[in-house]
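Structure first, then comments.
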Amino acid sequence: MRNLLFLPFLTLLLFSSCKENSDKENKAAPNVASEVENETDNAEASEETQDTGTILFFGDSLTAAMGLDLAEGYPAEIQKIIDSLKLNYEVVNAGLSGETTAAGRNRIDWVLNQDVDVFVLALGANDGLRGIPVTETRKNLQAIIDKARQKNPDVEIVLAGMQIPPNLGAEYTSNFKELFPELAEENNIHLIPFLLEGVAGDPELNQQDGIHPTAEGYDIVAMNVWEILEPVLTEQE
């Protein structure tokens, strides 16, 4: 009789124990799923961050937005356009006021310590204003282009064309202007025909020095750049 009475009790005990374990497993399951989901989200976020491309603007005071807040310059305007289109690129402004192509050539190794996907080269204006021989400007720009490609053979290079007033003579002015499309063709790189198109010479779009654009002028400069830069970025997406 003892054994028979004990058997139902044992069965009830086992059933209760199994139910309790099952309840614990069911309660734990959502936590595990949540952890897996969080880890997946974190991994995707990390991957997206790693995939962010870098656009480096390497130039002089025109790039550095001399006389204005940096946020009013054309590189900052380009970043706003990129963000509005949800393109995965970050703009780096490496403009330095007073920079010549020779100084840029000396600085380029340090600047290229970071990974760069698109390299916008906007130097040469100070060379032209100082009357530096066009052959020297060409040599320096070519060296900078070569350095950028040595660092990353797949980098997309955009060269900003420059023009100067004719006060140094028609021959120098013409040779200087033609330098940029010639370099672009020789190196098979993208060309902005004239960085200051629609801005240069307009008092309403330039600061008192007559050289550096106002905030409104930089809006136009940004569109000059974006016209060439947009297809470069969308092709890489």
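In table form, for the structure just shown:
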quantity: Difference of contour (0.36 nm per residue) and Cα-Cα distance, ASN106 to VAL92; calculated: 3.2 nm
quantity: Rel. contact order, % - alpha carbon contacts under 8 angstrom, at least six apart, the stretch 171-237; calculated: 25
quantity: Cut-off under 5 Å, modelled amide H: who pairs with VAL91 long-range; calculated: ILE55
quantity: Amide hydrogen neighbours beyond the local backbone of ASN206, cut-off 5 Å, H modeled; calculated: THR214
quantity: Using a Förster distance of 22 Å, the FRET efficiency for ASP69-ILE211 (Cβ separation, nearest 0.05); calculated: 0.80
quantity: Three-way shape label, the stretch 45-148, alpha-carbon gyration tensor, a/c 1.5; calculated: oblate
quantity: Cβ-defined net charge surrounding GLY128, 14 Å radius [Lys, Arg +1; Asp, Glu -1]; calculated: -3
quantity: Residues THR135 and THR54, FRET efficiency given R0 of 30 Å [Cβ-Cβ distance, rounded to 0.05]; calculated: 0.40
quantity: Cα gyration tensor, the stretch 86-223 - rounded (a/c under 1.5), prolate or oblate; calculated: oblate
quantity: The stretch 105-237 - percent relative contact order, Cα under 8 Å, separation 6 or more; calculated: 21
quantity: Cα gyration tensor category, rounded, prolate or oblate, for the stretch 180-237 with a/c compared to 1.5; calculated: oblate
quantity: By accessible area with a 1.4 Å probe, ligands and nucleic acids excluded, highest first: order of MET162, MET66; calculated: MET66, MET162
quantity: Residue-span extension gain [ASN113 to GLU186] - 0.36 nm each, minus C-alpha spacing; calculated: 23.7 nm
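The values are calculated or read from the model by the stated rules, or taken from the named source; none is laboratory data. Source: prediction; values computed, not measured. Positions of Cβ are backbone-derived with ideal geometry, glycine not excepted, and every protein chain shown enters the neighbour counts. Note: accessible area is taken over every heavy atom of the protein model, side chains too, but ligands, DNA and RNA are not part of it. Shrake-Rupley method; radii C 1.70, N 1.55, O 1.52, S 1.80 Å.
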